[in-house]
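The values are calculated or read from the model by the stated rules, or taken from the named source; none is laboratory data. For clarity, every value in this text was computed on a predicted model and none was experimentally measured. As a convention, Cβ positions derive from the backbone with ideal geometry for all residues, glycine included, and neighbour counts pool all protein chains shown. Accessible surface is based on the protein model in full, side chains and every heavy atom, while ligands, DNA and RNA are left aside. Shrake-Rupley method; radii C 1.70, N 1.55, O 1.52, S 1.80 Å.
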Amino acid sequence: MSVRYISTRGGEPLSFSDAVIAGLAVDGGLFVPDSVPDVSAELDDWRGLDYASLAERVMQPYVDVPADVLKDLVSRSYSVFSRDDVVPLVSVGDLSILELFHGPTLAFKDIALQFLGNLFEHLLDVRDARLNILAATSGDTGSAAIYGVRGRSRMRIFVTYPDGRVSPMQELQMTAVDDENVFNLALQGTFDDCQAIVKAVLGDVEFKERFALGSVNSINWARVLAQVVYYFYSAFRVMEQRKAAVVDFCVPTGNFGDVYAGYVAWRMGLPIRKLVVATNENDILARFFAGSDYSRGEVQATISPSMDIQIASNFERYLFDRVGCEPARLSALMNNFASSGVLSAGSLDPAAANDPFCAGSADVTQTLETIRQVHADYGYVLDPHSAVGVHVGQAHRDPDVPMICLATAHPAKFGDAVQRAIGEQVRHPILEALHDVPRRRTVMPASEDAVRQVIFEHAGR
Ligand SMILES: *Cc1c(COP(=O)(O)O)cnc(C)c1O
């Protein structure tokens, strides 16, 4: 029998399909698997597999879709990537850079959202149902989600974003899409306004059910699952190349989804020694892992905007393990944190003896300097998010263990910051081509009523 999913805050376990469609549990908790398969005995058989075949093996125990369906979903999701190996590895000095940005929107979110789009479509076909996705974005998630569901007949997507407050390139990626099922709502407000409106609308259970609303944000378990795969894939290749028995990873972190996937791979038996959490100035997670100081601050704007987050939603999944997987303890902890802004280390169980997490951070100056130095020394251009990871990865490097640094976006997506660092514009043909496509968006007040009205008029039934 395949794994079932329990909410971190309690309640009845659900199947994989139900947990994916629901996204967030009704009690506000996140879904976690009720057991994590140990695949240590499988590792030797898995080493030589291509990306799609490996993805099938890694995901199968977690899903309730038949093997032939999973095979088809995976193969369609990863054939749209521009590289046959999907996630190429590049040596930069003594680091291995894992390029996760060869999907349609040039950020690592494509790896999960291409799969999620195909998975949703399959689940809706089986149920003869429809889904209207409502999302709030400050940039990367919006375009990756749009590319995951554009053109699909059973789904419509409504993406809210703060008008004038996302980068021109990010806005172009979202709005230069001519599919009828995509609705870009440029709200006259901040990202927080967008998020508050989306939360309020999705929190209205009656409205949510009436319009079959769903969500694609990074708390969806299927996104985490799709990301577990590249930890196995890259570790196998680097261990082979460097004749090593263990590897370290360094992960540029915002909502803790990507690095949490690495933690799942470790729990499944992948020999990861260190899992380094790299943050920018928004370093609440780095402070937690460095000394268990977890206190909320103000969000600071940086040149790695997809990591400008104080409250990392997926962190709750890890905390769940640190309170003995007891929903009552977790709820008390989260409620206490919500009111006080501080999480007391005393309320957590000690980390498991070999828990691989450690952490560090890089500020804007260090990030720009890393882009400049890596370009000067190796002729390789990092985007600012990946550069945060490389800065922190260099600091945690041990000469005896290979270090894999995750590169989460193509540098052309963050051309201004890259230009500041190296004095050159980096381009990508996918982004250049967008300039010729007509844009579609609706500018509207940042009001919940206005967003409900759009859904009322345009939701698919
Ligand atoms: C979303 C994002 C991140 C952060 O990933 P999390 O899973 O939220 O920790 C890092 N870099 C880029 C480019 C991103 O888009």
| Can you tell me which residues in segment 281-338 are of a type in the set (A, V, I, L, M) and closer than 30 Å to residue 368 by Cα? | 284, 285, 286, 290, 299, 301, 303, 307, 309, 311, 312
| query | Is it true that some residue in segment 248-260 is over 30 Å from residue 158 (Cβ atoms) and more than 15 Å from the ligand (Cβ to nearest atom)? | reply | yes
| remark: (1) within 24 Å of residue 231 (Cα to Cα); (2) modelled with pLDDT under 90; (3) open to solvent by 60 Å² or more (accessible area, probe 1.4 Å); (4) not aromatic (Phe, Trp, Tyr) all hold for residue 273 apart from (2)
| task | Restrict the check to segment 202-218 and report whether at least one residue is part of a strand (DSSP E or B) and within 27 Å of residue 31 (Cβ to Cβ). | result | yes
| The one condition in (1) outside any loop (DSSP other than H, G, I, E, B); (2) open to solvent by 40 Å² or more (accessible area, probe 1.4 Å); (3) more than 25 Å from residue 237 (Cα to Cα) that residue 72 fails to fulfil | (3)
| field | Scan of segment 75-117 for residues that are of a type in the set (D, E, K, R) and open to solvent by 10 Å² or more (accessible area, probe 1.4 Å), ordered by number | value | 76, 83, 84, 85, 94, 99, 109
| note | When segment 82-103 is checked residue by residue, the ones that are away from the ligand (no atom under 16 Å from the Cβ) and not polar (S, T, N, Q) are 83, 84, 85, 86, 88, 89, 90, 92, 93, 94, 95
| note | How many residues of segment 104-143 are more than 16 Å from the ligand (Cβ to nearest atom), in contact (Cβ under 8 Å) with a residue 24 or more places away in the chain and of a type in the set (Lys, Arg)? The answer is 1
| Hey, among 317, 329, which residue is assigned to a helix (DSSP H, G or I), touching a residue at least 40 places away in the same chain (Cβ under 8 Å) and either of a type in the set (Lys, Arg) or in contact with a Gly (Cβ under 6 Å, 6 or more places away or on another chain) (or both)? | 317
| task | Name, by its number, the condition in (1) in contact with a helix residue (DSSP H, G or I) (Cβ under 8 Å, 6 or more places away or on another chain); (2) modelled with pLDDT under 95 that does not hold for residue 433. | result | (1)
